[in-house]
Amino acid sequence: ARLDTSSSSATFCRSTFVGKAPTNVSSKGTLNIVDSILEGNVALSSSTDSNTVIVGKSTSIVGSFAAVVAGFGGRVDIHEGTFGDGAESLGSLVVNPGGTANVYGGEWKSKLATLGECGGQPAPQTLNLYVKDLDTKNELCDGSPFSTSKVVAFSCGTSPNYLECPQDYQVPTFPECE
């Protein structure tokens, strides 16, 4: 499955995408993933001015290389779901140069990584982790347990930002999926 036009948007409700291509689902517009299953080498890639929102307790995104990749102008907002199976070679979430990931929740089976470029003027990557308590950092906004040991920076990757959950935080809803 591919969403390739920069002006389009799509919402996947209770969908399943299983593929062997380098990237199973590639987002270049607005993509909402609701209670869906994605599996592949890189299960989901969000880049080039895209904005991807992931919700749904039954969402499962698993990739043999990485489950979710944000980079090169892409933004991913993760609210619920299960990410990775612990066997990914790079991690459940990889934020590449120029990418932004906002993690509000979810069950993380393997690493959340920033991947940098050493030397030159690399575009920074941004990993924002929203936690209920900035001292313990052990619970995400949706109530999921979290461990800072899951976060890693590869090859000059930037450190994550730990931020407090917004006071009025709510998981986004998509009426078209009701």
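The values are calculated or read from the model by the stated rules, or taken from the named source; none is laboratory data. Treat the numbers as computed from the prediction; the structure is a model and nothing was measured. Ideal geometry is used to build each Cβ from the backbone, glycine not excepted, and the neighbour counts take in all protein chains shown. What goes into the accessible areas is simple: the full protein's heavy atoms, side chains included, and nothing from ligands, DNA or RNA. Shrake-Rupley method; radii C 1.70, N 1.55, O 1.52, S 1.80 Å.
For this structure, a couple of remarks:
- Around the amide H of V25, modelled in the peptide plane, lie the amide H atoms of L44, S45, all under 5 Å away and 5 or more residues distant in sequence or on another chain.
- For the chain, the solvent-accessible area with a 1.4 angstrom probe is 45 square angstrom per residue.
- Neighbourhood net charge (15 Å Cβ-Cβ; Lys/Arg +1, Asp/Glu -1) for I61: -3
- Near the amide H of A153, within less than 5 Å, lie the amide hydrogens of T114, all on another chain or at least 5 residues away, with H placed in the peptide plane.
- Under a 5 Å amide H cut-off, with hydrogens placed 1.01 Å from N, S60 pairs with S36, I37, L38, T82 among residues at least 5 apart or on other chains.
- Protein accessible area in segment 1-154, 1.4 Å probe - carbon and sulfur %: 49 percent
- Computed over segment 1-129, relative contact order equals 18 percent, with contacts defined as Cα pairs under 8 Å that lie 6+ residues apart.
- Net charge of neighbours whose Cβ lies under 13 Å from the Cβ of V34, counting Lys and Arg as +1 and Asp and Glu as -1: -3
- Lysine pair number, Cα distance threshold 27 Å (strictly under), the chain, separation 8 or more or different chains: 21
- Estimated from the Cβ-Cβ distance and a Förster radius of 25 angstrom, the FRET efficiency linking D49 and S159 is about 0.50.
- Whole-Hz ³J(HN,Hα) from phi, Karplus 6.51 cos²θ - 1.76 cosθ + 1.60, for segment 29-37, glycine and proline x: x, 9, 10, 10, 10, 10, 6, 10, 10
- Karplus 3J(HN,Hα) series, Hz, for segment 154-170 with 6.51 cos²θ - 1.76 cosθ + 1.60 (x for Gly, Pro): 9, 6, 6, x, 7, 6, x, 9, 9, 10, 6, 4, x, 4, 9, 4, 9
- Size-normalised alpha-carbon gyration radius of segment 1-83, reference 2.2 N^0.38 Å: 0.93
- Under the Karplus curve 6.51 cos²θ - 1.76 cosθ + 1.60, θ = phi - 60°, whole-Hz ³J(HN,Hα) for segment 15-24, x wherever Gly or Pro sits: 10, 10, 10, 10, x, 10, 4, x, 10, 6
- Inter-probe distance in nm under a simple model that places probes 7 Å from Cα toward Cβ, at T126 and T11: 2.5 nm
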